[in-house]
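See below for the structure under consideration.
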Amino acid sequence: MVEYSYKFRLYPNREQINLIERTFGCYRYVYNHYLAKRQDVYKTSGETLNYYACANDMTQLKQQEQTSWLREVDATALQSSLRDLDTAYQNFFRRLKQGEKSAYPKFKSKHSHKQSYKSKCVGSTIKVLDKAVQLPKLGKVKCRVSKEVKGRILSATVSQNPSGKYFVSLCCADVEIAPCERTGR
């Protein structure tokens, strides 16, 4: 059993496009906010924040009045931005230890060519329907399903390419893949 990924083109309506764009912005805001916070904490006390400290702080950040708009988007997308930040730090320190060239985690830009966010499947929040995909907070989004999705859906990554087209990548587990036949070469 292995993990397998499926990528489909999305055709969201105006309301869904607006929510996708806001989710991109919130994802970027949370990533940049906690990158700056981790840098400040390290400069003042010499300690570092891990994923769990940032996740606990994010619940308080969402309760504040000036950042209450963070509650409008998918919560698992915001948690995945913290995971991505933590992974960026871990990769940075791992490369430093191994003596490789490493780049410190960078702030995310609004003007990036490719934007995306990852949403985790909790229960049955992500489903593949006949000609649509059900995603958290977005509901049913029209989609071109070109293959039968097999296995259990773990997560969905909604992305926008530079030409403005939207895609969803579904990561599935427990997928049986037949081994290739031997050719003798």
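The values are calculated or read from the model by the stated rules, or taken from the named source; none is laboratory data. Quick caveat: nothing in here was measured; it's all calculated off a predicted structure. Using ideal geometry, Cβ is built from the backbone for each residue, glycine included, and neighbour counts are taken over all protein chains shown. We work out accessible area using only protein heavy atoms, side chains counted, and drop any ligands, DNA or RNA first. Shrake-Rupley method; radii C 1.70, N 1.55, O 1.52, S 1.80 Å.
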Report task. Output yes when any residue across segment 96-103 is within 30 Å of Lys165 (Cβ to Cβ) and modelled with pLDDT of 90 or more, and no when none is. Result -> no
Requested in this report: From (1) in contact with a helix residue (DSSP H, G or I) (Cβ under 9 Å, 6 or more places away or on another chain); (2) within 15 Å of Pro105 (Cα to Cα); (3) part of a helix (DSSP H, G or I), pick out the condition that doesn't hold for Asp40.
Outcome: (1)
Report summary line: By residue number, the members of segment 10-34 that are open to solvent by less than 70 Å² (accessible area, probe 1.4 Å) and over 20 Å from Arg71 (Cα atoms) are Leu10, Pro12
Query - Residue tally, condition part of a strand (DSSP E or B), open to solvent by 70 Å² or more (accessible area, probe 1.4 Å) and farther than 18 Å from Tyr4 by Cβ, over segment 121-158 - result: 3
Report summary line: The number of residues in segment 76-103 that are of a type outside the set (Ser, Thr, Tyr) and more than 20 Å from Leu61 (Cβ to Cβ) is 13
Requested in this report: Mind telling me which of the residues Thr67, Thr76 ends up being closer than 30 Å to Cys143 by Cα, among the β-branched types (Val, Ile, Thr) and surrounded by 14 or more Cβ atoms within 10 Å (Cβ to Cβ)?
Outcome: Thr76
Query raised in the report: If the Cβ limit is 6 Å and pairs must be 6+ apart or interchain, which residue in segment 49-73 that is in a helix (DSSP H, G or I) pairs with which residue that is open to solvent by 20 Å² or more (accessible area, probe 1.4 Å) and of a type in the set (Asp, Glu)?
Result: Tyr51/Asp86
